[in-house]
Amino acid sequence: MNTEFELSTNPVISQMSSMDHDQILFCSDNATGLKAIIAIHDTTLGPALGGTRMWSYSNEIDALNDVLRLSRGMTYKNAISDLALGGGKAVIIGDSKTMKSEALFRRFGRFVDSLAGNYITAEDVGISPSDMVWVSKETNHVVGLPGKSGDPSPVTAFGTYMGMKACAKIRYGSDSLEGKKILVQGAGHVGEYLVAHLRKEGAHVLISDINENTVKRVSNTYGAIGVSLDSVYDQEMDIYAPCALGGTINDETLSKLKCGIVAGAANNQLGIEDIHGLALLNKGILYAPDFAINAGGVMNCFSEVKGLSNDWALVKSEKIYNTIHDIVSRSEKERTPSHIIAMKMAEEKINKGSKK
Ligand code: NAD
């Protein structure tokens, strides 16, 4: 499978086929100002589930690139987690602070409904539970509603913590994080829960966040130490945990990064997958592939789809330890970047599913 793409030079259908997407729905409605793209990557294992992101993309190509990459990531995330779900994602192009209205989300809900359950939506960046309530007035194919499975962040953080311990086991011979110096970048929903787990275990935690009040509050609450945004990649640390934005593993940061492990919850951490995944391996840094380590959130959504308890999702997310251990051990043994190993493992599960 081709993992890198250049949309400016490839027509959309060729691009879809190079990344193996099933379907893309372009949605536009002048009355409400809605401009959205829903991408269904693969439905071999079940309906495509993935959140809707609302973002002020600088152009439509960026939005399309984002939804193609994110929806494919959902296929891998769901497959490697043994969930009976395929991969999909939606993006709404626009400013989430100024463009939201009931009419816009209801129109979006009707587009989701037109896919007849092939795509199930949920919250992602820029979307709140109340937006999803509007969507749910037009379609049943939505999860993450208030009073249902709730905020997935605690489960995502717990799974990330488990994955981090598995990496420590391989790198240091013990999965104890006591005394380890760990930098959590982004102390938001997931980051704060992660800091709580790490401090409870006695890790030495550094945090960085663009919001100074968040840094003060989280460091005071848990006894973490705030570091400035521009000093993150100069820190000597055992574990770097990206929990803010994607793309933080790139040429510039790799030239500075001094750590043994990268394990965090952010999506799309590798700037350019093939280049920066290999660069981490060559630098001797263990990398827990983002879509495998941050799968706790989708496990939480799955529990809502199937009417399972919240406890089910927590128990399931504990198994992320085993998944990450398998991926990283195989990566070390085969001297192959861990994200490639994780993608292969997910594809093996999809191929098995397609033969059932
Ligand atoms: P959030 O918006 O609650 O938190 C992100 C935090 O990062 C905020 O506090 C923000 O101020 C901070 N931040 C933004 N840019 C930063 C920068 N350059 N440096 C330092 N801090 C910065 O989001 P979240 O729900 O905690 O999700 C965090 C990441 O994990 C995202 O990439 C998200 O896609 C991913 N993720 C989240 C879940 C979930 O369950 N919430 C599930 C899977 C993946």
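The values are calculated or read from the model by the stated rules, or taken from the named source; none is laboratory data. On a predicted model such as this, the values are computed, not experimentally measured, just so you know. All Cβ positions, glycine included, derive from the backbone under ideal geometry; neighbour counts span all protein chains shown. The area values use the complete protein model at the heavy-atom level, side chains included, leaving out ligands, DNA and RNA. Shrake-Rupley method; radii C 1.70, N 1.55, O 1.52, S 1.80 Å.
Shape call for segment 164-312 from the C-alpha gyration tensor, a ≥ b ≥ c root eigenvalues: rounded (a/c under 1.5), prolate (a/b greater than b/c) or oblate?
rounded
Quote the accessible area belonging to S354 in square angstrom, nearest 10, computed with a 1.4 Å probe and with ligands, DNA and RNA left uncounted.
Rounded to the nearest 10, the figure is 70 Å².
Per Stokes-Einstein, at 25 °C and 0.890 mPa s, what whole-number D in µm² s⁻¹ belongs to segment 28-72, with the Kirkwood radius over Cα pairs as the hydrodynamic radius?
Numbers: Rh = 11.8 Å.
It diffuses with D of about 207 µm²/s by this estimate.
If I take R0 = 45 Å and measure r between the Cβ atoms of I210 and E334 in this structure, what FRET efficiency does the formula 1/(1 + (r/R0)^6) give, to the nearest 0.05?
In this case the efficiency is close to 0.75.
Just the Cα atoms of the chain: what Rg and Dmax do they give in Å?
Expressed in Å, the Cα Rg and Dmax of the chain come to 19.5, 60.
Take every DSSP beta bridge with both residues inside segment 1-111 and express the antiparallel ones as a percent of the total, to the nearest 5.
70
Tell me the net charge near K256. Cut-off is 13 Å between Cβ atoms, K256 excluded, with +1 for each Lys or Arg and -1 for each Asp or Glu.
Surrounding charge for K256 is -3.
By how many degrees, between 0 and 90 and to the nearest 10, does the Cα long axis of helix 320-334 differ from the longest principal axis of the chain?
Between the helix axis and the principal axis of the chain, the angle is about 70 degrees.
What residues of segment 241-264 lie in the reach of a label at N282, counting those whose backbone N is under 20 Å from a point 7 Å from the Cα along Cα→Cβ?
Residues 247-262 qualify, since their backbone N sits under 20 Å from the label point.
In segment 52-74, whose amide N lies under 15 Å from the spot 7 Å out along Cα-to-Cβ of F26? List them in ranges.
Counting only backbone N, you get 59-68.
Which net charge results when you count Lys and Arg as +1 and Asp and Glu as -1 among the other residues whose beta-carbon is under 9 Å from that of G73?
For residues surrounding G73, the net value is +3.
Let a ≥ b ≥ c be the square roots of the eigenvalues of the Cα gyration tensor of segment 128-172; is it rounded (a/c under 1.5), or, if not, prolate (a/b larger than b/c) or oblate?
Judged from the Cα gyration tensor, segment 128-172 comes out prolate (a/c at least 1.5, a/b above b/c).
Of the candidates K89, K316, K216, which one comes out as most mobile in a Gaussian network treatment of the chain with C-alpha springs shorter than 10 Å?
Ranking K89, K316, K216 by mean-square fluctuation puts K216 first.
Can you give the angle from 0 to 90° between the axis of helix 212-222 and the longest principal axis of the chain, with both taken from C-alpha atoms, to the nearest 10?
Around 60 degrees separate the two axes.
Expressed in nm to one decimal, what extension gain is obtained for the pair N351 and R217 from 0.36 nm per residue of sequence separation less their Cα-Cα distance?
Going from the current span to full extension adds 43.6 nm.
Would you mind calculating the gained length between K137 and R110 on full extension (0.36 nm times residue separation, minus the Cα-Cα distance), in nm to one decimal?
8.8 nm
Output the 0 to 90 degree angle, nearest 10, between the alpha-carbon long axis of helix 102-114 and the longest principal axis computed from the alpha carbons of the chain.
80
Just reorder S130, S96, S303 by solvent-accessible area, largest first, 1.4 Å probe, all chains present.
S130, S96, S303
What share of the DSSP beta bridges in the chain is antiparallel, in percent to the nearest 5?
Antiparallel bridges make up about 30 percent of those DSSP assigns within the chain.
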